[in-house]
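This is the structure, below, for whatever I ask next.
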Amino acid sequence: MIALTTPYLWYTTRATGMVALILFTLVASLGTLVANRIGGTIVGRFEINELHRSLSMVAVTFLVIHILTTVLDSYVATGWISAFVPMTSAYKRLAVGIGAVAFDLILAVWISSLLKLRIANTTWRFIHWFSWMGFATALVHGYMTGTDSRSGFGLVVVASCAAVVACAALWRFFGRPTRAAGRTALSPLATTKAATRATPVPPRATPPAPRPFPTSPARTTKQRGPR
Amino acid sequence: MGVRRRSGSFVLRVNPILCDGFGHCAELAPELVQTDEWGYPILRSEPVPLTDAGVFESARYAERGCPRQALHIHRISEKKPQ
């Protein structure tokens with residue numbers, strides 16, 4: 001058993017935990033922006049998506065550092081098993097256990113996203129819903145174990161992260177755009193949205209220039225392959 | 001392999017059941033994708049030669065960037081079309 005007695009490991013654990021919480025807040029918010037189809041004018045939609053992906057990598061890196069330093073540090077008796085299996089830690093059994101649940105959920109979301117091009121999209125989406133639960137458990141873990149998160153600035157950070165993601169979740173649930181949300185009055189799906197909308201949707205500022213390739217729907221239908 | 005990949009051509013295809021009209025493909029590959037009034041893609045139907053590296057790169061970005069994975073690149077070899 002590696003026992004390292006430097007206090008900096010413990011400081012690193014605390015700092016990276018806080019930074020990972022902030023980063024996962026940003027990742028969840030950006031993911032909500034992608035899902036609610038923000039962007040397309042000033043910032044491209046794909047740019048928000050790319051930022052969501054890149055930041056999730058950074059967040060996972062901080063999370064891994066957070067867990068590595070916790071396990072390596074001899075100040076708290078938390079072993080390798082406790083990082084994955086809940087309720088196995090001698091130190092703060094319940095709170096670290098919730099953190100293990102959060103890590104498992106985030107790991108599932110992360111691995112499924114790495115395999116995104118190889119697995120069915122519906123599978124990926126199903127696993128991706130668990131990121132909300134992963135964030136919630138991570139937040140509870142941060143509040144329960146955090147040395148800094150129950151008073152002062154740390155509490156402000158944790159409460160802000162909770163508030164931001166709660167707003168994102170509500171927006172995701174209630175503000176979710178239907179398919180073809182109000183693009184045109186001809187769309188049958190636009191009626192429910194248009195009834196609640198105060199102002200009609202303005203047309204796009206610059207209509208796309210006509211291109212030489214044929215745009216007949218009949219031809220594109222014929223070209224479509226099976227999946 | 002690199003040589004063989006450059007012979008032939010490709011078309012971008014969409015699975016219309018998976019597509020939800022996010023519009024990422026039209027941003028990532030404007031050479032190949034237009035959107036209709038509802039935000040769904042209209043794809044360029046004639047094959048693009050693989051020697052057109054810029055367009056092929058755009059197509060790969062669009063394939064990777066689709067939130068529903070509804071796009072895929074269909075390669076057409078030179079010897080046996082389709």
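Condition first: touching a helix residue (DSSP H, G or I) at 6+ places or on another chain (Cβ under 8 Å) and within 11 Å of A:W110 (Cβ to Cβ). Now tell me which residues in segment A:54-66 satisfy that. Write out each step before concluding.
Here is the first cut: in segment A:54-66, the ones touching a helix residue (DSSP H, G or I) at 6+ places or on another chain (Cβ under 8 Å) are A:55-56, A:58-60, A:62-63, A:65-66.
Across segment A:54-66, the qualifying residues are A:S56, A:A59, A:V60, A:L63.
For B:R13, indicate whether it is more than 9 Å from chain A (Cβ to nearest Cβ), touching a strand residue (DSSP E or B) at 6+ places or on another chain (Cβ under 9 Å), under 29 Å from A:T123 (Cβ atoms) and not in a loop (DSSP other than H, G, I, E, B). Walk me through it before giving the result.
On the way: more than 9 Å from chain A (Cβ to nearest Cβ): no; touching a strand residue (DSSP E or B) at 6+ places or on another chain (Cβ under 9 Å): yes; under 29 Å from A:T123 (Cβ atoms): yes; not in a loop (DSSP other than H, G, I, E, B): yes.
So B:R13 fails the test.
Within segment B:39-63, how many residues are buried (at least 16 other Cβ atoms within 10 Å of the Cβ) and at the interface with chain A (Cβ under 7 Å from one of its Cβ atoms)?
Looking only at that region, the number is 5.
Looking for whichever is modelled with pLDDT under 75, in a helix (DSSP H, G or I) and not charged (D, E, K, R) here; the options are A:T199, A:T206, A:T191. Which one fits? Walk me through it before giving the result.
Working: A:T199 fails: in a helix (DSSP H, G or I); A:T206 fails: in a helix (DSSP H, G or I).
Answer to the check: A:T191.
When you check A:F62 against the structure, is it part of a helix (DSSP H, G or I), buried (at least 16 other Cβ atoms within 10 Å of the Cβ) and without any contact (Cβ under 8 Å) to a residue 60 or more places away in the chain, yes or no?
Working: part of a helix (DSSP H, G or I): yes; buried (at least 16 other Cβ atoms within 10 Å of the Cβ): yes; without any contact (Cβ under 8 Å) to a residue 60 or more places away in the chain: yes.
Answer is yes for this residue.
Conditions first: (1) in a helix (DSSP H, G or I); (2) aliphatic (A, V, I, L, M); (3) modelled with pLDDT under 95. A:L117 passes all but one, so which condition is the exception?
Every listed condition holds for A:L117 apart from (1).
I need the full set of residues from segment A:73-108 which are part of a helix (DSSP H, G or I) and buried (at least 19 other Cβ atoms within 10 Å of the Cβ), in order please.
Going through segment A:73-108, the residues part of a helix (DSSP H, G or I) turn out to be A:80-84, A:93-108.
Selection gives A:S82, A:A83, A:V96, A:G97, A:I98, A:G99, A:A100, A:V101, A:A102, A:F103, A:L105, A:I106.
The values are calculated or read from the model by the stated rules, or taken from the named source; none is laboratory data. Values in this document were obtained by computation on a predicted structure and should not be read as measured data. A quick note on method: Cβ atoms are made from the backbone with ideal geometry, for glycine too, and the neighbour counts reach across all protein chains shown.
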